[in-house]
Amino acid sequence: MMTTRAVIELERVTKAYQMGESRVFALRGVDLSVQQGEMLAVMGASGSGKSTLMNIIGCLDTPTDGSYLLDGKRVDGLSRNALADIRNEKLGFVFQGFNLLPRTSAIDNVELPLLYDRAGRWMDTKAMAAAALERVGLGERLHHQPSELSGGQQQRVAIARALVTQPKLLLADEPTGNLDSHTTVEVMQLFQELNDQGITIVLVTHELEVAEYAKRVVEMRDGQLVRDHAIAERRRAADDLLTLAPVATPELEVVT
């Protein structure tokens, strides 16, 4: 029987901030394990701690107390430079606002993370960027700038940029927040196809309809995990697209 191992292991993780004479807790003793190949959605109201949790998982912040193992390596307590190396080596990020350089081609936007790699792992970075764009169905848009792409296409460029370093974990923060309903389903179809290929995905969303495309949902309140449950009947974005009105832009396609 094949076993998977945890990509994320948080144990009693706490994050506190000093506000004058008061200590404010954003996270309160969070325990969370995410196995390789999972697709996890994190939900919660504003102020619940989900953004702080994502920042710690993404090595953008460090816990006040507790331990964090990423792909088997303990990362809490590492220096800022060491965390930057971990992010580049093991993590891919997708944001609500796409965060693309505006007057830069799609292929150059996707290539950017490879150029920041201090370990010298990558050789033909242009070819890798082109392959990542091909993988998300934008092989014919390599030299288009963001202003020449639709919102859904811009998010696909952002996803290609997240994938180009071959990360262990893909983190998506409200990835459909700026998209219409049809494009949202297209993007979730792409995430599901990538997950079906074995990529571990953690996404933050406030939309239940988006969370239902995941395999598992955790809900946060007041800095704690209050519910952790598997999705019994996972929605399939490819099926949902069949019931939506067709649009002029092509459907997303993942090239394996």
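Here are the numbers for this structure:
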item	result
Subset of the stretch 137-147 that is over 17 Å from Asn178 (Cβ atoms) and out of contact with any Ser or Thr (no Cβ under 8 Å at 6 or more places or on another chain) - its residue that is surrounded by the most Cβ atoms within 10 Å (Cβ to Cβ)	Leu138
Matching option when the condition is closer than 24 Å to Asp196 by Cβ, free of Cβ contacts under 8 Å to residues at least 24 places away in the same chain and in a helix (DSSP H, G or I), among Ala160, Ala130, Ala82	Ala130
Subset tally (residues that are assigned to a strand (DSSP E or B) and touching a helix residue (DSSP H, G or I) at 6+ places or on another chain (Cβ under 7 Å)) for the stretch 35-75	7
Whichever residue in the stretch 11-36 is small (Gly, Ala, Ser) and at pLDDT below 95 and, among such residues, is farthest from Leu69 (Cα to Cα)	Gly20
Residue match in the stretch 14-25 (condition: touching a residue at least 40 places away in the same chain (Cβ under 8 Å) and hydroxyl-bearing (Ser, Thr, Tyr))	yes
Counted residues, the stretch 165-189 - those being surrounded by fewer than 24 Cβ atoms within 10 Å (Cβ to Cβ) and assigned to a loop (DSSP other than H, G, I, E, B)	9
Residue in the stretch 85-125 that is surrounded by the most Cβ atoms within 10 Å (Cβ to Cβ), counting only those that are in a helix (DSSP H, G or I) and modelled with pLDDT under 90	Pro113
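The values are calculated or read from the model by the stated rules, or taken from the named source; none is laboratory data. All values reported here derive from a predicted model rather than from experimental measurement. Please note: Cβ atoms are built from the backbone with ideal geometry, for glycine as well, and neighbour counts cover all protein chains shown.
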